[in-house]
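Below is one structure, written out as structure tokens, with a few remarks after it.
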Amino acid sequence: MKKLLALILSFSSLVSLQAQDRGEDDLGAWAMIFTNNRISEKLSIHAEAQYRTYEFGSNFNQLLLRTALNYHISDKAMASFGYGNITTDTNFLEFAGEENVNENRLYEQFVLKNSLGKFNFSHRYRLEQRFINRPAGENTTEHRARYFLRVTYPLNNKWFLTAYDEIFINLQNDFFGQNRLYGALGYNFSENLSAQMGYLKNDFAVDTYDRFQLAVFIKTDWRKSKS
């Protein structure tokens, strides 16, 4: 009986240590900047950068650089084709000789917007083709679908609340990829500049991560400079 109890305690300690080693108990952070640059009545260019850490402001996790060409069907609908380059440190613990995973990604998306009273909704449907280079393993091509729903509520002319949920579906192997649930307080500095500070709950099949987010959104209109 004592041996069985010792075995159970050892197994529990091992599981707890492994969970801690993945950084699940740490509050990480995402610092992000998004730009949308209008170049014509129908076209705009999206560009963004995201720096993600396992711990608050330290322990590098991921650098995501992404761009896209947007076609504005109307003020309520937009189609995009984009590219992203993602560098990921897949290990919470740091060790000598560690190599990062590099991914080149193509994606296609469609965005629809609508409103109900003061509530503004945004629906984003995205397909991704992921070309992943793992230094310690084989290179793979993976496909994924994502659905994103955001709701925004203005508190006044400057302040607003926003929340979203996004689900990731793998189109090979395991069906469920991850789910992101987010809530934030936002501030409009001007018509073309805003910022959000919020909290993200990122659920994977095994782990759940808590992330602080700080995001800046910039809009430019190159049509004005041309005219």
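The values are calculated or read from the model by the stated rules, or taken from the named source; none is laboratory data. Predicted, not measured: the structure shown is a model, and the values here were computed from it. Note that we place each Cβ from the backbone using ideal geometry, even for glycine, and neighbour counts take in every protein chain shown. Accessible surface areas use protein heavy atoms only, side chains included; no ligands, DNA or RNA. Shrake-Rupley method; radii C 1.70, N 1.55, O 1.52, S 1.80 Å.
Among residues of the range 23-52 that are farther than 23 Å from Val111 by Cα and open to solvent by 40 Å² or more (accessible area, probe 1.4 Å), those with a beta-carbon under 9 Å from a residue that is aromatic (Phe, Trp, Tyr) and part of a loop (DSSP other than H, G, I, E, B) at least six positions away or on a different chain give the pairs Glu24/Phe92; Asp26/Phe56; Asp26/Phe92; Leu27/Phe56. When the range 183-196 is limited to residues that are part of a strand (DSSP E or B) and more than 15 Å from Arg150 (Cα to Cα), the one that is most open to solvent (accessible area, probe 1.4 Å) turns out to be Phe189. Considering Phe148, Phe160, the condition of being open to solvent by less than 40 Å² (accessible area, probe 1.4 Å), more than 17 Å from Lys76 (Cα to Cα) and in a strand (DSSP E or B) is satisfied by Phe160 alone. Screening Lys3 against (1) at pLDDT 95 or above; (2) outside any strand (DSSP E or B); (3) basic (Lys, Arg) leaves a single unmet condition, (1).
Scanning the range 97-126 for residues that are without any contact (Cβ under 8 Å) to a residue 24 or more places away in the chain and either in contact with a Cys (Cβ under 8 Å, 6 or more places away or on another chain) or under 26 Å from Ile86 (Cα atoms) (or both) gives Gly97, Glu98, Tyr125, Arg126. Would you mind stating whether Phe95 is hydrophobic (A, V, I, L, M, F, W, C) and surrounded by 14 or more Cβ atoms within 10 Å (Cβ to Cβ)? Against the criterion (hydrophobic (A, V, I, L, M, F, W, C) and surrounded by 14 or more Cβ atoms within 10 Å (Cβ to Cβ)), Phe95 does not qualify. Out of the range 53-74, which residues are open to solvent by 40 Å² or more (accessible area, probe 1.4 Å) and either under 24 Å from Asn202 (Cα atoms) or in contact with a strand residue (DSSP E or B) (Cβ under 8 Å, 6 or more places away or on another chain) (or both)? Result: Glu55, Phe56, Gly57, Ser58, Phe60, Leu63, Leu65, Thr67, Leu69, Tyr71, Ile73. Residues in the range 75-90 that are surrounded by 13 or more Cβ atoms within 10 Å (Cβ to Cβ) and not in a strand (DSSP E or B) were compared, and the one that is modelled with the highest pLDDT is Asp89. For beta carbons closer than 8 Å, sequence separation of 6+ or different chains, a first residue in the range 70-85 that is farther than 14 Å from Arg38 by Cβ and a second that is among the acidic types (Asp, Glu), the qualifying pairs are Ala79/Glu108; Phe81/Glu108; Gly82/Glu108; Gly84/Glu103; Asn85/Glu103.
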